[in-house]
1. Go through the residues of region 121-138 one by one and say whether even a single one is in contact (Cβ under 8 Å) with a residue 24 or more places away in the chain and in a helix (DSSP H, G or I).
2. Being near ligand 1 (Cβ under 10 Å from one of its atoms), modelled with pLDDT of 95 or more and among the small types (G, A, S) is the requirement here; does G292 meet it?
3. Would you mention how many residues in region 283-318 are more than 14 Å from ligand 2 (Cβ to nearest atom) and under 21 Å from F202 (Cβ atoms)?
4. Within the bounds of region 175-193, is there any residue that is under 30 Å from E41 (Cβ atoms), in a strand (DSSP E or B), β-branched (V, I, T) and in the same structural domain as C259 (by TED's automatic domain parsing)?
5. (1) over 20 Å from M125 (Cβ atoms); (2) out of contact with any strand residue (DSSP E or B) (no Cβ under 8 Å at 6 or more places or on another chain); (3) not aliphatic (A, V, I, L, M): which one isn't true of R224, the others all being true?
6. Could you pull out the residue among N17, N50 that is at pLDDT 85 or above and of a type outside the set (D, E)?
Amino acid sequence: MSLHGSDRRDTSSAGGNGMVAAASLRLRLNPNKEHKPDGYEDLQLDFSPNIFSSLERYLPPSMLNVPRDDKAKFMREILLKYLPLGERSRPLHRELYSVNSATFFVPSFLRAINDNTEQSFRSIMSEPSPGIFIFDIFQTNFCELLLSEIENFEKWVTETKFRIMRPNTMNKYGAVLDDFGLETMLDKLMEGFIRPLSRVLFAEVGGATLDSHHGFVVEYGKDRDVDLGFHVDDSEVTLNVCLGKQFSGGELFFRGIRCEKHVNTGTHSEEIFDYSHVPGRAVLHRGRHRHGARATTSGNRVNLLLWCRSSVFREMKRYQKDFSSWCGECSREKKERQRSTIAATKLMHLHAAVPANIIVVPYFPLLFTPLSCEHESIQICSIIIIAHNSRSPHLHKINFKRSCVHACKLHEMENRGNKVNEGRVKGSTAAAYGCCNSEVEVNEEKRKNWERER
Ligand SMILES: O=C(O)CCC(=O)C(=O)O
Ligand SMILES: [Fe+2]
């Protein structure tokens, strides 16, 4: 199991990355995420203004606060120096660089977002397995434009022998969309469209406070990546949309949500879910939902991934140990703890309230049904109930489907010589011994007789 981490970037290629050196100043290898870059839309530049905003985060610290024109000049020189004239990666489809709802999204998705209610969201999606939401999001034309923009970018990368960062340590192909000018558009996609959904669907993992993203495309098929191993994403919420093209295989397989501590624990049958990608269709899931992608066996598959993160959630998580609101294993552990606490409480009650020769616990007529009324000796994995308010207290034996701590306790008392199958109960004292283990066999007819007898 691996974490698809945010800082998976290949730092070993420092010297080989053409953009690193410029005059005597060097760009940073990793962006300064705290720095808020200037906007460059109003300047007449050779390259997309978004490239300048993205690149600004890589400026050496001494340049971050110089006047904007100086930064633009510096960055332009770097870009011109390393990009042969005429072969610059100019945007092919400028309309992709800012969100245009009417041309990007299918009408059903837009309507749901505009309504902004849980009901409207759920009306356009299915949840075939808990925490995995599937819905149509992008128009075919938008997918095609984005695919051709990516191709254009990759052609330029190949021709200029420019070394780009791959999206993950697990991918040899694909590209970080943020790095070639789509960061602002993807930010808007997260803020205006994915955050409203996540606020409702993933509230417990910071869905309402998503505030940064990592946006990239993955590419599978011939001469591309084949499959993707089992992993969790470095995100709170992941949007995964298939852009095309024609392919077979490449199914996603999901295997339950896990916190860091439980990431390698086993899968339960109800957590198994496989999904086949459809172009234009989105899968939205928690980043901690364990998954992988099977081999794309023919054709080419390109998917857009938007890992959405919440800094607030990440900060709060540092102080928490129990993630039972979303981690399948924490949740199972918690239920188990609650079961034992109930059992322990009953045991304490038993010790405090009764004479040594009678065993007492609260009486749970609906949960316990006597299977026989013989005054027979008590066995392990059996239970004695003396009915509440019974005129003639009876001992009832109940068989457990599995052994129970109480039964063992009973056995222990018997061994100590206590007469546990005798005694009278006064007034309304509940005189029974047991636990509300719902796995007790229930015999409805006998329960009714017993009620009548009372
Ligand atoms: O190939 C896919 O659809 C899954 C991609 C993925 O899970 C990832 O890149 O994190
Ligand atoms: Fe993933």
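1. Yes, that holds for at least one residue.
2. yes
3. Residues flagged as more than 14 Å from ligand 2 (Cβ to nearest atom) and under 21 Å from F202 (Cβ atoms) within region 283-318 amount to 9.
4. yes
5. (2) is the only condition that R224 fails.
6. Going through N17, N50 in turn, the sole match is N50.
A quick yes/no check of all residues on (1) touching a residue at least 24 places away in the same chain (Cβ under 8 Å); (2) more than 27 Å from I78 (Cβ to Cβ):
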residue: T158; (1), (2): no, no
residue: R166; (1), (2): yes, no
residue: K172; (1), (2): yes, no
residue: G181; (1), (2): yes, no
residue: G192; (1), (2): yes, yes
residue: L201; (1), (2): yes, yes
residue: L210; (1), (2): yes, yes
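Residues are listed down the side, and each one gets a yes or a no for (1) at pLDDT 90 or above; (2) among the hydrophobic types (A, V, I, L, M, F, W, C):
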position	(1), (2)
G174	no, no
F180	no, yes
M185	yes, yes
P196	yes, no
A208	yes, yes
D211	yes, no
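The values are calculated or read from the model by the stated rules, or taken from the named source; none is laboratory data. As the structure is a prediction and not an experimental result, all values here were calculated from the model. Glycine gets a Cβ as well: all are built from the backbone with ideal geometry, and neighbour counts include every protein chain shown.
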